[in-house]
Every structure is written in structure tokens, then in C-alpha cells.
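The values are calculated or read from the model by the stated rules, or taken from the named source; none is laboratory data. No experiment lies behind these values; they were computed from the predicted model shown. Note that we place each Cβ from the backbone using ideal geometry, even for glycine, and neighbour counts take in every protein chain shown.
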Amino acid sequence: MTSVQPRAAAKPLRIDSASVRLVRLPLLTPFTVSNGTAYEKVFPLLVLRSGGLEGYAEGVVDPAPEFLEETVSGSLALLRETLLPSIVGRSFANPEELEQVLIPWRGNQMTKALVEMAFWDLWAKSLGLPLKTLLGGLRDAVAVGVSLGIEDIAATVGKARHHHALGYRRIKMKIKPGHDVALVAAVREALPDAALSVDANTAYTLADLAVMRRLDAFDLEYIEQPLAHDDLHDHAALQGRIRTAICLDESIRSPRDARQAIQIDATRVVNIKVGRVGGHLEARRIHDICAAASVPVWCGGMLESGLGRAHNIHMSTMANFRKPGDTSSISRYFAHDIVNERMEVENGLMPVPMNGPGIGVTIDWDFLDTVTLSREEFGE
């Protein structure tokens with residue numbers, strides 16, 4: 001087991017109250033993937049309170065069901081009507097106890113993760129420990145790659161060179177049908193020794209086998225999520241026909257998904273997004289399953305603010321996060337972050353935020369108020 005147990009003196013935490021904000025952060029530049037372009041990040045931000053302490057998390061749901069089925073409006077409704085009324089006023093000794101309240105509600109892993117992750121931050125603060133210690137983390141900094149959105153080939157080559165010179169440990173290019181082989185060939189020619197990968201965001205089918213085989217020529221670290229989000233079988237069929245490792249993202253929603261994907265050789269690398277899989281407990285279980293099978297993992301991003309990135313970085317300190325993650329410098333995305341701490345990559349490494357216990361960041365409340373679209377309070 002990779003977790004570190006809290007000291008015996010810890011007492012159950014009573015959730016005195018909660019608040020949910022809907023936050024809108026404009027992106028510095030549009031970010032395009034195979035299924036659309038993002039111009040802003042709109043997300044729910046949850047605060048859980050207990051005895052003068054506060055735990056924070058941000059949701060990774062989107063306004064429309066473009067990544068997975070959950071949406072911002074549905075998430076807010078589930079929080080308002082079901083999840084928060086189920087926990088406010090109750091006490092929990094640890095995240096496992098909280099999980100028992102969330103388990104009966106089917107699906108909605110991203111909304112459950114929002115609640116669970118805020119509790120982890122609150123719990124760690126109550127123990128006076130950094131989150132990474134409770135998760136079983138080992139590092140003070142994590143290796144970071146960069147994810148480049150879809151642009152023309154010349155622009156992508158230029159950005160790839162720029163970020164490689166900055167020390168990023170892996171360059172990932174978003175691809176889609178018709179914007180793939182020539183793009184990768186150009187970047188590989190420009191950076192013959194760089195660690196490269198591609199992310200298709202489910203844009204291909206088995207009918208595109210010839211394209212996938214052509215990508216074998218470029219010594220990629222992996223091809224991320226080439227096929228449908230809910231099809232492990234076709235990914236296994238594809239993996240048996242290409243040399244490059246397949247990395248699954250959207251397809252891995254639970255530890256069971258990870259176990260089954262590994263068993264049928266549908267994936268040889270796993271992208272763990274804490275918010276996608278239901279929170280830190282489920283992410284840690286997926287980490288352990290992959291570690292037992294010698295399958296490396298890495299932490300993906302969802303254009304999070306510094307708040308969500310802090311959670312991701314602490315999770316990424318665990319031993320089997322052996323591939324660079326997507327938690328690149330916050331200044332690539334936002335002119336002003338909602339946390340006070342500077343979260344910037346140095347020589348390909350992102351330091352673990354450690355400004356106090358928990359996730360180690362503090363909120364810029366004055367700025368947060370300016371980008372808050374709505375706010376709801378629950379409890380006292």
C-alpha cells in the first residue's frame with residue numbers, strides 16, 4: 001500500500017459548511033484539440049469548512065459534454081441537490097469514510113472527485129501535513145511535459161523548439177485526421193532526440209490503421225487515446241498491430257477499467273487525471289494496479305487553474321508516475337491565476353507547492369471574486 005497513515009490523535013472532521021463558486025478564467029490563447037477549441041476555462045470551485053479550516057478543489061467538468069458525459073450545469077445540480085446535503089453536518093475520520101457516502105451514486109466521477117479532493121486538502125490541513133505525504137509521495141518536484149494544441153505545422157514546430165529549449169521533458173502534439181503524419185515528421189526532424197508523443201482525443205477508428213502504422217516511424221513515447229472513449233476492445237486490436245505504445249486517457253474511468261485494459265493489452269501507458277477518475281483514492285488505486293503490472297503512469301491536465309494543478313502535482317509525486325505530466329507553467333494559459341503562489345516550470349521540473357499543509361497554495365480571494373459567476377452556500 002502506498003499511503004501514509006495519519007497520526008492516531010487525529011479526530012473525525014465535521015463538515016460545518018460548504019460553498020460552491022462557478023469560475024470563469026479566460027485563456028491567453030485559444031487551445032484547439034480534435035473535437036473543438038477552448039477560449040476560456042469555466043469550472044466549479046468547492047470549499048469545505050471544518051473548525052476554522054478550509055479545503056479546496058476545482059472541478060474538471062466542461063460546460064458541454066465534449067470530454068465525457070458530465071457537464072458544469074449537471075455537476076452543480078448534483079452538488080446542490082445530493083452530494084453536499086449528504087455530507088454537510090456530518091463527520092468523517094478519513095477520505096475512505098467520505099467515499100462510502102459517495103459510492104451509492106452512480107457515475108459522475110468528476111463531480112465526486114471535486115468533493116473528495118476538497119476533503120483531502122481539508123484532512124491534510126487538519127493533520128498539519130502536505131497532501132503528498134498522505135498520498136505516499138516521494139518527490140519534491142515532478143517532471144513536466146508540454147501539450148501543444150492544434151495549429152499549422154510551422155507554428156507547432158516553433159513552439160516545440162521553444163519548449164524543448166526551456167527544458168520540458170516531453171513534447172505532446174494534439175492530432176486529428178489529416179493533421180498527423182506530416183506534423184509529427186516535421187517536429188521529429190526539428191527535434192531528433194526529443195521525447196515526443198501525440199494525443200488524438202478519440203478522433204480515429206480502426207479504419208485509420210495505416211496512419212497509426214506510419215506514426216510508428218517517429219519513435220513516439222506513445223499515442224494517446226486514438227480511438228473511442230468507451231472501447232477497450234478496439235484499442236487492444238490496434239495495439240496488436242502497431243509498435244508504438246497506446247496510452248489511454250478517457251477510457252480509464254476506474255481501477256477496473258485500468259485492470260481490464262492492461263489484461264487485454266489495450267494500453268501500455270496510463271494517463272491518470274485525478275478529477276476524471278473520482279478523486280485521489282481512485283487515482284491511487286489505478287496507480288497501484290499499473291505499478292504492479294509495470295505499466296508507467298503520468299498525470300494529465302484539463303486546463304486547470306493553480307488550484308487544480310496543485311492537487312495534480314502532489315499526486316504526481318508517487319513512485320509510478322514515471323512519465324512527464326501535463327502540469328506546465330500556469331503562465332502559458334492565464335494572465336492571472338486564482339492562487340497566490342507562482343507555479344512555473346524550471347528546467348523541466350515543477351516544484352511541489354508547499355506553502356503550508358494540504359495542497360500548499362493560497363487563494364487570491366480578491367481576484368477570485370472578479371472571475372466568479374455565481375456562488376452558493378451550504379450549511380452554517
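Could you check, for region 167-180, whether at least one of its residues is surrounded by fewer than 16 Cβ atoms within 10 Å (Cβ to Cβ) and closer than 21 Å to T37 by Cα? Write out each step before concluding.
Keep residues of region 167-180 that are surrounded by fewer than 16 Cβ atoms within 10 Å (Cβ to Cβ), which gives 167, 177-178.
Checking which are closer than 21 Å to T37 by Cα leaves us with 177-178.
Yes, because at least one residue in region 167-180 is surrounded by fewer than 16 Cβ atoms within 10 Å (Cβ to Cβ) and closer than 21 Å to T37 by Cα.
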- [ ] Inspect all residues belonging to region 70-86 and state whether any of them is more than 16 Å from V20 (Cα to Cα), in contact with a helix residue (DSSP H, G or I) (Cβ under 9 Å, 6 or more places away or on another chain) and in the same structural domain as V20 (by TED's automatic domain parsing).
- [x] yes
Open item on the list: Looking at (1) at pLDDT below 95; (2) within 22 Å of the chain's Cα centre (by Cα); (3) surrounded by 13 or more Cβ atoms within 10 Å (Cβ to Cβ), which one does V20 not meet, given that it meets all the others?
Closed with: (1)
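Which residue out of P95, P85, P130, P104 is on the phi < 0 side of the Ramachandran plot, surrounded by fewer than 18 Cβ atoms within 10 Å (Cβ to Cβ) and at pLDDT 95 or above?
Working: P95 fails: surrounded by fewer than 18 Cβ atoms within 10 Å (Cβ to Cβ); P130 fails: surrounded by fewer than 18 Cβ atoms within 10 Å (Cβ to Cβ); P104 fails: at pLDDT 95 or above.
On inspection, the qualifying residue turns out to be P85.
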Task: Qualifying strands (runs of 3 or more DSSP E) (wholly inside region 15-60; at least 1 residues being in contact with a strand residue (DSSP E or B) (Cβ under 6 Å, 6 or more places away or on another chain) and without any contact (Cβ under 8 Å) to a residue 24 or more places away in the chain) - done: 36-50
TODO: Return yes when I272 is in contact with a helix residue (DSSP H, G or I) (Cβ under 9 Å, 6 or more places away or on another chain), crowded, with 21+ Cβ neighbours inside 10 Å and within 19 Å of N35 (Cα to Cα) and no when it is not.
DONE: no
- [ ] Give me the pairs, please: first residue somewhere in region 235-250 and in the same structural domain as C299 (by TED's automatic domain parsing), second residue anywhere and surrounded by fewer than 19 Cβ atoms within 10 Å (Cβ to Cβ) and among the acidic types (D, E), beta-carbon distance under 8 Å, and either six or more positions apart or on two chains.
- [x] A236/D265; Q239/D265; G240/D265; I242/D216; R243/D216; T244/D216
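Of all residues in region 340-371 being in a loop (DSSP other than H, G, I, E, B) and β-branched (V, I, T), which is modelled with the lowest pLDDT? Break it down into steps so the answer makes sense when it comes.
In the first step, residues of region 340-371 are kept if they are in a loop (DSSP other than H, G, I, E, B); the result is 340-345, 347-348, 352-357, 359-362, 364, 371.
Adding the requirement that they be β-branched (V, I, T) leaves 345, 352, 359, 361-362, 371.
Details: V345: 95, V352: 98, I359: 98, V361: 98, T362: 98, V371: 98.
Among residues in region 340-371 that are in a loop (DSSP other than H, G, I, E, B) and β-branched (V, I, T), the one modelled with the lowest pLDDT is V345.
Would you call V144 at pLDDT 95 or above, in the same structural domain as I246 (by TED's automatic domain parsing), closer than 22 Å to I330 by Cβ and among the aliphatic types (A, V, I, L, M)? Talk me through it step by step, then tell me what you get.
Numbers: at pLDDT 95 or above: yes; in the same structural domain as I246 (by TED's automatic domain parsing): yes; closer than 22 Å to I330 by Cβ: yes; among the aliphatic types (A, V, I, L, M): yes.
Against the criterion (at pLDDT 95 or above, in the same structural domain as I246 (by TED's automatic domain parsing), closer than 22 Å to I330 by Cβ and among the aliphatic types (A, V, I, L, M)), V144 qualifies.
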Open item on the list: Looking at A293 and the list (1) over 24 Å from P30 (Cα atoms); (2) within 12 Å of the chain's Cα centre (by Cα); (3) not polar (S, T, N, Q), which single condition is not satisfied?
Closed with: (2)
Task: Test result for V187, in a strand (DSSP E or B), assigned by TED's automatic domain parsing to the domain that holds S251 and touching a strand residue (DSSP E or B) at 6+ places or on another chain (Cβ under 7 Å) - done: no
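Going residue by residue through region 56-68, is there one that turns out to be under 30 Å from T205 (Cα atoms), among the small types (G, A, S), at pLDDT 95 or above and crowded, with 17+ Cβ neighbours inside 10 Å? Quick ask: steps written out before the conclusion?
Within region 56-68, the subset under 30 Å from T205 (Cα atoms) is 59-68.
Right, trim to among the small types (G, A, S) and you get 59, 64.
Those left that are additionally at pLDDT 95 or above: 59.
Then drop every residue that is not crowded, with 17+ Cβ neighbours inside 10 Å, which leaves 59.
Yes: region 56-68 contains one or more residues that are under 30 Å from T205 (Cα atoms), among the small types (G, A, S), at pLDDT 95 or above and crowded, with 17+ Cβ neighbours inside 10 Å.
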Task: Odd one out for G306 among (1) small (G, A, S); (2) within 21 Å of V23 (Cβ to Cβ); (3) out of contact with any helix residue (DSSP H, G or I) (no Cβ under 7 Å at 6 or more places or on another chain) - done: (3)
Open item on the list: Criterion first (at pLDDT 95 or above and in contact with a strand residue (DSSP E or B) (Cβ under 9 Å, 6 or more places away or on another chain)) does V269 satisfy it?
Closed with: yes
Open item on the list: Testing F321 on (1) out of contact with any Ser or Thr (no Cβ under 6 Å at 6 or more places or on another chain); (2) in contact (Cβ under 8 Å) with a residue 60 or more places away in the chain; (3) of a type outside the set (V, I, T); (4) more than 20 Å from V142 (Cα to Cα), one condition comes back false. Which one is that?
Closed with: (4)
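Of the residues A113, A155, A165, A160, which single one is within 26 Å of Y333 (Cα to Cα), assigned by TED's automatic domain parsing to the domain that holds G59 and out of contact with any Pro (no Cβ under 7 Å at 6 or more places or on another chain)? Steps first, answer last, please.
Values: A155 fails: assigned by TED's automatic domain parsing to the domain that holds G59; A165 fails: assigned by TED's automatic domain parsing to the domain that holds G59; A160 fails: assigned by TED's automatic domain parsing to the domain that holds G59.
Only one candidate qualifies: A113.
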Open item on the list: Quick check on my filter: what residues within region 152-166 are crowded, with 19+ Cβ neighbours inside 10 Å and of a type outside the set (A, V, I, L, M, F, W, C)?
Closed with: T156, H163, H164
Open item on the list: Looking only at region 212-236, how many residues end up being touching a helix residue (DSSP H, G or I) at 6+ places or on another chain (Cβ under 9 Å) and closer than 23 Å to F67 by Cα?
Closed with: 10
Open item on the list: Just checking, does region 316-335 include any residue being over 22 Å from T111 (Cβ atoms) and over 18 Å from the mean Cα position of the chain (by Cα)?
Closed with: yes
